[in-house]
6 protein chains.
Amino acid sequence: MMKSGMIEVINPNGSVEMTQSLADSLNHNADTQSLRFHYCKDSPPSIEGFSDGTKAAYHLTELVTQLESDGSSAKGYVVACFDDTGVDAAREVSSKPVIGIGEAAMKCATYLGNSFVVMTTLQRSVPIIKRNIANYGLNAHCAAVIASDIPVLSLDCDPEAYERILEKAQTALSQFHGEVLILGCAGMSHWQKKLQEELGVPVIDGMQAAIAMVGALSGIGLSTSKICSYALPEKKQLAE
Amino acid sequence: MMKSGMIEVINPNGSVEMTQSLADSLNHNADTQSLRFHYCKDSPPSIEGFSDGTKAAYHLTELVTQLESDGSSAKGYVVACFDDTGVDAAREVSSKPVIGIGEAAMKCATYLGNSFVVMTTLQRSVPIIKRNIANYGLNAHCAAVIASDIPVLSLDCDPEAYERILEKAQTALSQFHGEVLILGCAGMSHWQKKLQEELGVPVIDGMQAAIAMVGALSGIGLSTSKICSYALPEKKQLAE
Amino acid sequence: MMKSGMIEVINPNGSVEMTQSLADSLNHNADTQSLRFHYCKDSPPSIEGFSDGTKAAYHLTELVTQLESDGSSAKGYVVACFDDTGVDAAREVSSKPVIGIGEAAMKCATYLGNSFVVMTTLQRSVPIIKRNIANYGLNAHCAAVIASDIPVLSLDCDPEAYERILEKAQTALSQFHGEVLILGCAGMSHWQKKLQEELGVPVIDGMQAAIAMVGALSGIGLSTSKICSYALPEKKQLAE
Amino acid sequence: MMKSGMIEVINPNGSVEMTQSLADSLNHNADTQSLRFHYCKDSPPSIEGFSDGTKAAYHLTELVTQLESDGSSAKGYVVACFDDTGVDAAREVSSKPVIGIGEAAMKCATYLGNSFVVMTTLQRSVPIIKRNIANYGLNAHCAAVIASDIPVLSLDCDPEAYERILEKAQTALSQFHGEVLILGCAGMSHWQKKLQEELGVPVIDGMQAAIAMVGALSGIGLSTSKICSYALPEKKQLAE
Amino acid sequence: MMKSGMIEVINPNGSVEMTQSLADSLNHNADTQSLRFHYCKDSPPSIEGFSDGTKAAYHLTELVTQLESDGSSAKGYVVACFDDTGVDAAREVSSKPVIGIGEAAMKCATYLGNSFVVMTTLQRSVPIIKRNIANYGLNAHCAAVIASDIPVLSLDCDPEAYERILEKAQTALSQFHGEVLILGCAGMSHWQKKLQEELGVPVIDGMQAAIAMVGALSGIGLSTSKICSYALPEKKQLAE
Amino acid sequence: MMKSGMIEVINPNGSVEMTQSLADSLNHNADTQSLRFHYCKDSPPSIEGFSDGTKAAYHLTELVTQLESDGSSAKGYVVACFDDTGVDAAREVSSKPVIGIGEAAMKCATYLGNSFVVMTTLQRSVPIIKRNIANYGLNAHCAAVIASDIPVLSLDCDPEAYERILEKAQTALSQFHGEVLILGCAGMSHWQKKLQEELGVPVIDGMQAAIAMVGALSGIGLSTSKICSYALPEKKQLAE
């Protein structure tokens, strides 16, 4: 049963394990927001590149449409993929706030420092993230987007993953004069606190940032504009 | 049966009538390229907004993947939606050139004049097109993006559609000092020649432009880069 | 006495009446955050232009420095001037989040629509706000910055102010295809709800947005980066 | 005698040898377009810097004007200098498509990958090419512009030139995550195929790209806009 | 005979009358700089569009090269065409400061106000000026570029020219919130003072601005960098 | 007593020694402008970061206001801090030209080369200078902003300072293909000539550049626009 006032957190990929791990990690931390977790069972198990993203966006949009037609009384939606795939379409089919973890993380970073470094997984995701950064207007704030070369699904099982990411982050922050580190994949969420302590700079987990943004916008009575670009889809007038 | 050297023209929407109309119009004109037309039967009948686009991108990607696994010997693909939905994903799953009609039309326009006006259908498509224009780096070349307020599916059946578009185009070209007109929807393709004669400026139909671009790139032996962002999708290493 | 967990809301101008009015309006609405209000008694009574802003920034920075040296246990600071004057300096002298109402309002707007209209007071503030918009990377999201020509200190006492602003907002939203309205002065805060109902688009009051942002960032354990540009001021090594 | 349907390929420099070499190389490859080659005998023998470019632009414009007044029935013009010098003026004096090899190469590259590397000859040409890249709106697509430090006129006679360029290209593609290589000088045209095979990324020769673009635009009935910036030069009304 | 310390003022067009008129107007005003005037007798009598500009750039570069080889001891060069045609090439062939009147006028304007309006002659010059504005980085400062539709050579003989320009300027300054007016053609120089008095905003004549800039740079010992892009042209190594 | 025609040079920091040193250095060089030097005794002794800058801007604005109300007949004002702190406010309270040394140096650099390197003191100043560069529209001209890591107040007393800066400058110019060096702190002014000789590129001292700019603008009768953003501050209409 869905509780009024919850936030729907949708992992647009198809990995039930990763979704469960996110739920465990976040329910442990969160004291102010109730969360309900979803995943998209027909999506690829991780989102690495444009075609993964296209599939995930499709299933995410279907799921949000379904939740809306079921009369979800949630405060809003979090899209748990750093590429923010499907966020625009989800905004269109709901009037509640819909926030992607990439957008939330990067915009929050700009309140805390003049430049951020994004640590993503594979190099192929870098151009996708950079295009988002340009679309969000954050080119001047982005010091670098760095790939750890550890695939999403190895983040949990590779025993050296944490150390490698810590080291790469230290090097990049120093080389590019980064002031804030952003974790560029939901699969790194559980390392946020530890990295922040070791690096001595704010480390932003997009999951927490996006949940906080939905709570904040909802709390002050704001919702997605239904004028023009995020208006509900048109009814098609088919010729007979 | 598929002929070697054809171009696969994919209408990512679900309208068989519109696809047939495109085929009729283009086969009539084209003397140098052989074309094979497809549509995406599970897509919305027209693409007006982000969620339509997300669905269409999904079905387009599935179709290109299928054609590739069937061993298509086509020269390349044309994506027949001015929003260029799904083009990036299609580039990822094929090594042949994949060209969207929006991108082709707008880049061709820059060879012919210093500023262009795009005439689209509904206002809700304007922010989508403007985001593409920014991503393609064409802000300085775009004089205006104008909506005719005639939905895609009424373009053929509204008897006043042509006159309205002609008048809106004249006004916009004059007001914004546009030097080239771009038809912002495949459904206007058949008016290209007539509008060009009446307006006295180059009028670009993205269908013809994209077909010409695939032919041109293929003709000089160029194909999509398989390094980094358009590499074939990763094989997922699932934990057991 | 200061309560732990409060947010310090600083009006950088010198108007006690405006500050009281803000406090009345916000304490009425806010259910989740405790607020403590301040004003800068040596600042100009309103901030309209660069020299007003320079004075206000100075007094704001002094006040934040004082609160910090008094050991404030607040969650963070809100700077209640839409020009975001002094925000960078305040970030430097505190490690808590410091959020200006202009930055918060405009960044929140980007989660809700593809374009916003800012309604400010005097035309002379427009270039200041536009420069901030450029610095925040929001040029592509800003449909227009409009001046009502009603000075800050007349917002409360001009009986026609509300109607004039409503009408100007309607016109601008329609003309520039704005999807979200932003109130470009703390003195319009109390109209947010009414305007939102009448206009049918999200209307953002920077006061509420900035308070929500401080609460959100603080709630997930994020604070201002003390590396590089917002590091505490240097101790000067004076030659003897 | 001039054949209808040819493309006029103009080398704006004064080197008959380089022009002959281009003709040999391209006539060998081209199966779909007939080409007529020209050079500008009063131009500098190579174009390296602004004053070379200014002279070449002048002679190019004179030559196009002459060909037009001779009633050339060509499909259009290719300007065979990667700096695209004189292209705007040539567009003004003809209504046929006029395409520079730099513009064609770089715009074609954007259809094939998200980032390109340009390999030019001397460092002094880099700022010229970068300015063009900015004017064409391609900053976000350009990973790097690299100088081989081999002057144009040594490309053919320096036995180590090919190896040096191959090595520099490999390093730059890897370091800057380039997905496409662009040959930044017509004098490297004949290496396109070999480099493409050895590097494993698309390698674009602007000569082939520009010829293909003229053919493509001409084939779909498009010509230079004669409204506003590329209108034929004004008749001067001299005071008597 | 050339006096040491003069500034060479070169009108790149071929109009001796216009050059004489500039000389009369400026020698009357100037109290601090000695000027020597030149024109380019083989250039078009006015510069309106790209091909005029290409010719003028050529003759300008030849003239500066000649003056340099004659051992000119001038402080520097002013290029008296608002399109700044040939300025880059002239910088290459001299080590003295070379300043175009467009660049000088627009950069000086940014010291005096947050936005400027440029009043040029014909609409066809607008895209050329806008491209320069983009290259100089002044997009954010440019409120508008307006054409008076009075050709250069009619500025002096059209009795209504002044009134028309005054009226167009007033309208544009008000509509676009311009704070400074820039005269976009050397032929309007003599109206600077009168327009400034009547309009109540700074009015900048590029001739005076460029002369002042050459004097200023020369006065503090600065000259054109001879490293990289403005290095003297290469000696060509011709194969034998 | 103030002489008509002087330029008021205001060091916005509180260091009398540095101000005296500037006066000594500049009065020695300057032959065409009379200068009167000021400092802001309540400002921090050096300006390193945002809060120093905010304090200095305040005291600078107070001083300019005082000089104006004293009826200063100066030609204009120079703000002797490379961060250009307070320049906008000073422009508002005076109608004379007000020029910051950062803005003057960087805009002068663009007349002399296609790219400049700024050598500043501490890394924390880099984001401030980069924001100014973006606001001035000079991103495309800036090759790099480099910190010497020598604090302002050590520039004079650190015996190795000059050598360190020379070496860092050489490296940066070579690595980033810089064509002009800019001294990013008034405290380096006296090294301009020596560095220029040793480096072989133009080296710009903002002090000399700004003084020259005030002289130039004043000499041709230009002053700050009093329309809109730099209009004199509003009289506040306080409710009774």
Report task. With +1 on each Lys and Arg Cβ and -1 on each Asp and Glu Cβ, and nothing else charged, work out how big the dipole of region E:102-206 is about its Cα centre, in Debye to the nearest 20. Result -> 420 debye
Query raised in the report: Assuming a viscosity of 1.306 mPa s and a temperature of 10 °C, what translational diffusion coefficient in µm² per second does Stokes-Einstein assign to region F:102-205, Rh being the Kirkwood radius over Cα pairs?
Result: 119 µm²/s
**Report entry** Rg in Å to one decimal, and Dmax rounded to a whole Å, for chain B via C-alpha atoms
**Finding:** 17.5, 66
Requested in this report: List the trypsin sites (Lys or Arg not before Pro) within region F:193-240 that fall in a DSSP loop (any state other than H, G, I, E or B) and whose Cβ has at most 14 other Cβ atoms within 10 Å.
Outcome: F:Lys235
Report summary line: If labels are modelled 7 Å from Cα along the Cβ direction, E:Cys157 lies from its partners in the other copies at nm distances, smallest first, of 5.4, 6.2, 6.2, 7.3, 8.6
Query raised in the report: Using a simple charge model, +1 on the beta-carbon of Lys and Arg, -1 on the beta-carbon of Asp and Glu, nothing else, what dipole does region E:1-155 show about its Cα centre, in debye to the nearest 20?
Result: 280 debye
Query raised in the report: Could you work out the helix-only [θ] at 222 nm for chain D, with each DSSP H run of four or more residues adding -39,500 (n - 2.57) and the total divided by the number of residues, to the nearest 500 deg cm²/dmol?
Result: -13000 deg cm²/dmol
**Report entry** chymotrypsin sites (Phe, Trp or Tyr not before Pro) lying in DSSP loop within region E:62-119, provided at most 10 other Cβ fall within 10 Å
**Finding:** none
Query raised in the report: In Å², rounded to the nearest 100, what is the total accessible surface buried by chains B and D against each other with a 1.4 Å probe?
Result: 3300 Å²
Requested in this report: Could you tell me the distance between the Cα centroids of region D:176-235 and region A:53-118, to the nearest Å?
Outcome: 40 Å
Query raised in the report: How about A:Lys41: which aspartates and glutamates have a C-alpha closer than 15 Å to its C-alpha, ignoring those fewer than 8 places off in the same chain?
Result: A:Glu17, A:Asp52, A:Glu62
Query raised in the report: Pairing the Cα long axis of helix E:50-69 with the longest principal axis of chain E, what angle in degrees results, from 0 to 90 and rounded to the nearest 10?
Result: 40 degrees
Requested in this report: Give the cross-link partners of B:Lys168 among the lysines, using a straight C-alpha distance below 28 Å as the criterion and excluding same-chain residues fewer than 8 apart.
Outcome: A:Lys226, A:Lys235, A:Lys236, B:Lys107, B:Lys130, B:Lys193, B:Lys194, C:Lys168, D:Lys96, D:Lys226, E:Lys130, E:Lys168
Query raised in the report: What nm distances, shortest first, do you get from the label point of F:Met6 to those in the other copies when the point sits 7 angstrom along Cα to Cβ?
Result: 3.7, 4.9, 7.5, 7.5, 8.7
Report task. Can you check what the net charge comes to around B:Gln196, using other residues whose Cβ is under 15 Å from the Cβ of B:Gln196 (Lys, Arg +1; Asp, Glu -1)? Result -> -1
Query raised in the report: Nearest beta-carbon of C to the rotation axis carrying it onto B: which residue, how many whole Å?
Result: C:Asn139, 6
Report summary line: One can check that the equivalent ellipsoid of region C:40-137, built from the alpha-carbon gyration tensor with semi-axes equal to the square roots of five times its eigenvalues, has lengths in Å, largest first, of 24, 18, 10
Query raised in the report: In region E:87-175, which GluC sites (Glu not before Pro) are in a loop and have at most 14 other Cβ atoms within 10 Å, using DSSP for the loop call?
Result: E:Glu160
**Report entry** Carbon/sulfur fraction of accessible area - the protein assembly as shown, other protein chains in place, 1.4 Å, %
**Finding:** 48 percent
Report summary line: The Cα radius of gyration of the protein assembly as shown, divided by 2.2 N^0.38 Å with N its residue count, comes to 0.90
Query raised in the report: Label-to-label distances across copies for F:Lys235, with labels 7 Å out along Cα→Cβ, in nm, shortest first?
Result: 5.1, 6.1, 6.1, 7.4, 8.2
**Report entry** GNM top mover of F:Ser229, F:Ser46, F:Ser73 - chain F, alpha-carbon springs below 10 Å
**Finding:** F:Ser229
Requested in this report: Work through the residues other than B:Leu67 whose Cβ is under 11 Å from its Cβ and net out their charges, Lys, Arg +1 and Asp, Glu -1.
Outcome: -2
Query raised in the report: To the nearest 0.05, what FRET efficiency results for D:Lys41 and B:Lys194 with a Förster distance of 45 Å applied to their C-beta separation?
Result: 0.50
**Report entry** Candidates D:Ala105, D:Ala134, D:Ala212, ranked by Gaussian network fluctuation over chain D, Cα under 10 Å, top entry
**Finding:** D:Ala134
Report task. Give a residue-ordered list of calculated ³J(HN,Hα) values for region F:141-157 (Karplus: 6.51 cos²θ - 1.76 cosθ + 1.60, θ = phi - 60°; whole Hz; x for Gly, Pro). Result -> 8, 8, 6, 5, 10, 10, 9, 7, 6, 10, x, 3, 6, 9, 4, 7, 9
Report task. Give me the accessible area per residue for region C:103-205, probe 1.4 Å, as a whole number in Å². Result -> 33 Å²
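The values are calculated or read from the model by the stated rules, or taken from the named source; none is laboratory data. Because the structure is predicted, anything quoted here is derived from the model rather than measured. Counting neighbours? That spans all protein chains shown, and the Cβs are built from the backbone with ideal geometry, glycine included. For accessibility, only protein heavy atoms count, side chains too; no ligands or nucleic acids. Shrake-Rupley method; radii C 1.70, N 1.55, O 1.52, S 1.80 Å.
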